[in-house]
Amino acid sequence: MQARGTVLCGLRLGDMDETILDCLIIGGGPAGLTAAIYLARFHLDIMVVDAGKSRASWIPCSHNHAGFPDGINGAELLQRMRDQACKYGAKIETEFVSKLERDSATDLFTATWGSGCTTTRTVLLATGVTNRRPPMDEELHDDALARGLVRYCPICDGYEITDKRVGVIGSDHHGVAEALFLRSYTADVTLIAPDQALRLSAENQKKLKDAKIECVDGPAQAVAITGDCIVVDTAEGHYTFDSIYPALGSDTHTQLAEMVGADLSGDSCIKVDGHQRTSVPGLYAAGDVVIGLDQISHAMGEGGVAATTIRNDLCAQQPRWRESAQQMEQAESGS
Ligand SMILES: Cc1cc2nc3c(=O)[nH]c(=O)nc-3n(C[C@H](O)[C@H](O)[C@H](O)COP(=O)(O)OP(=O)(O)OC[C@H]3O[C@@H](n4cnc5c(N)ncnc54)[C@H](O)[C@@H]3O)c2cc1C
């Protein structure tokens, strides 16, 4: 419901209903773009605002994304999805949304970014997470990532390190779990503490010993690429690996959800119901920002579910009957 004459986003609403979006999607990774494709094809008025740092854009070549037997580069996949969404009328802005507000009198949201703002009936948060990087020079990191010498996702690309020498940089339960996971791909796994001596519980020490995983004390720093390998400087000397996996956790982008009072889960993800609704009416979330499998397929699936829920929730508030061609013509000509 919308109060007539309310000032939102610097605009006086009322006679300007066309300035209110049906849905603003914040985040243009696989979750947000899948939702954009669905919502645009539902004939809804939508917009994507994306800061352009999708984790998918880091993927040199994904081999587990169904439908691409020879793999697909992450940036190319995103471009294909953007093209598909735009084909059906989605608008995409490259901006970082810094503020989200909800007016409880009108049930409308206002989102603000550097060069503008918009008012919208619903918001889909598909803002993802950022992996914490290991201590290393930024240029070296990006080069190593592009060459598969630094990897972040054992579920995605563990297959590619089959029978290779692998280092896992991490010390807490993330590090131990990731080292054990990778052990089913290769017999040569080393767990390295990032910042100090490894401090592991007796239970974890036993698990690592049973799996024949070598343990090395930090501080550790990836220092160079030699040939097809990466060199890591540790408290116990230089180690050379075919790939290293940082297992240092990630930061979830929940700030906008918190601004409008949405509930978070214990592990700092946005809490949703089985249809991607958050605890705030009109606010939805999908992809890595929600607890679950951090994978493209899952992000896309949640994006599709969220979009369909948004469409159905909007139509339950007010039916969206399509006008006949004649009615549309008359509206356009003003007769
Ligand atoms: C190196 C690497 C390799 C991977 N390989 C694979 C693989 O092979 N297969 C696979 O299935 N998965 C892979 N993944 C995981 C996959 O990339 C993610 O699960 C997927 O990208 C999640 O999609 P998402 O849309 O939820 O978030 P993201 O793709 O991270 O997109 C979130 C978007 O939201 C934007 N954003 C955040 N905050 C704001 C804001 N306030 N305003 C505007 N925009 C904002 C970000 O800039 C970003 O563009 C890999 C990940 C990495 C890092």
Task: Calculated FRET value between R133 and K99, using beta carbons and R₀ = 35 Å, to 0.05 - done: 0.80
TODO: With both partners inside the chain, how many of the DSSP beta bridges are antiparallel, as a percent to the nearest 5?
DONE: 50
Task: Hits among aspartates and glutamates - C-alpha to C-alpha of K99 under 19 Å, sequence gap 8 or more where chains match - done: D22, D50, D107, D251, E258, D263
Task: Relative contact order for segment 144-205, counting Cα pairs under 8 Å that sit 6 or more residues apart, in percent - done: 33
Task: Interchain or long-range residues, amide H under 5 Å from I291's placed H - done: I270
- [ ] Let me know the Rg and Dmax you get for segment 236-289 when you use only its Cα atoms, in Å.
- [x] 17.2, 55
TODO: Excluding residues on the same chain fewer than 8 positions from K87, give the lysines whose Cα lies under 16 Å from its Cα.
DONE: none
- [ ] Can you list which of the trypsin sites (Lys or Arg not before Pro) found in segment 234-335 are DSSP loop residues with at most 15 other C-beta atoms within 10 Å?
- [x] R320, R322
Open item on the list: Suppose R0 equals 25 Å. What FRET efficiency, 1/(1 + (r/R0)^6) with r the Cβ-Cβ distance, do D313 and D251 give to the nearest 0.05?
Closed with: 0.25
Task: Local net charge near E203, Cβ-Cβ under 14 Å (Lys/Arg +1, Asp/Glu -1) - done: +2
Task: Exposed chymotrypsin sites (Phe, Trp or Tyr not before Pro) absent - longest run of the chain, DSSP non-H/G/I/E/B, at most 14 other C-beta within 10 Å - done: 97-320
TODO: Output the antiparallel fraction of DSSP beta bridges having both residues in segment 20-117, as a percent to the nearest 5.
DONE: 55
- [ ] Obtain the nm distance between the two label points defined at I155 and Q84 by a simple spin-label model: each point lies 7 Å from its Cα along the Cα-to-C-beta direction.
- [x] 2.0
- [ ] Calculate the radius of gyration of the Cα atoms of segment 124-278 to one decimal place, then report Dmax, the largest Cα-Cα distance, as a whole number, both in Å.
- [x] 17.2, 51
Open item on the list: What value in Å³ per residue do you get for the convex hull of the alpha-carbon atoms in segment 213-266?
Closed with: 146
Open item on the list: Could you work out [θ]222 nm for the chain from helices alone, using -39500 (n - 2.57) per DSSP H run of at least four and dividing by all its residues? Round to the nearest 500 deg cm²/dmol.
Closed with: -8500 deg cm²/dmol
- [ ] Could you pull out every whole DSSP H run in the chain that spans at least 27 Å of Cα extent along its own axis and averages -0.5 or higher on the Kyte-Doolittle scale?
- [x] 296-317
TODO: Quick one: compute the contact order of segment 263-332, relative version, from alpha carbon pairs under 8 angstrom and 6+ residues apart, as a percent.
DONE: 23
Open item on the list: Please compute the per residue accessible area over the chain with all protein chains in place, 1.4 Å probe, rounded to a whole number of Å².
Closed with: 50
Task: Projected-area average for the chain over all orientations - Cα convex hull basis, square nanometres - done: 19.8
TODO: Amide H neighbours of V48 under 5 Å, at least 5 residues apart or on other chains, H built in the peptide plane: list them.
DONE: I25, K91, I92, E93
Open item on the list: Please compare each pair in K212/K271; K164/K206; K53/K209 to a cut-off of 28 Å on the Cα-Cα distance and tell me which ones are over it.
Closed with: K212/K271; K53/K209
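The values are calculated or read from the model by the stated rules, or taken from the named source; none is laboratory data. Here the structure is a predicted model, which means the values were calculated and not measured. We place every Cβ from the backbone using ideal geometry, glycine too, and count neighbours over all the protein chains shown. Side chains are part of the model used for accessible areas, which takes the heavy atoms of the whole protein and leaves out ligands, DNA and RNA. Shrake-Rupley method; radii C 1.70, N 1.55, O 1.52, S 1.80 Å.
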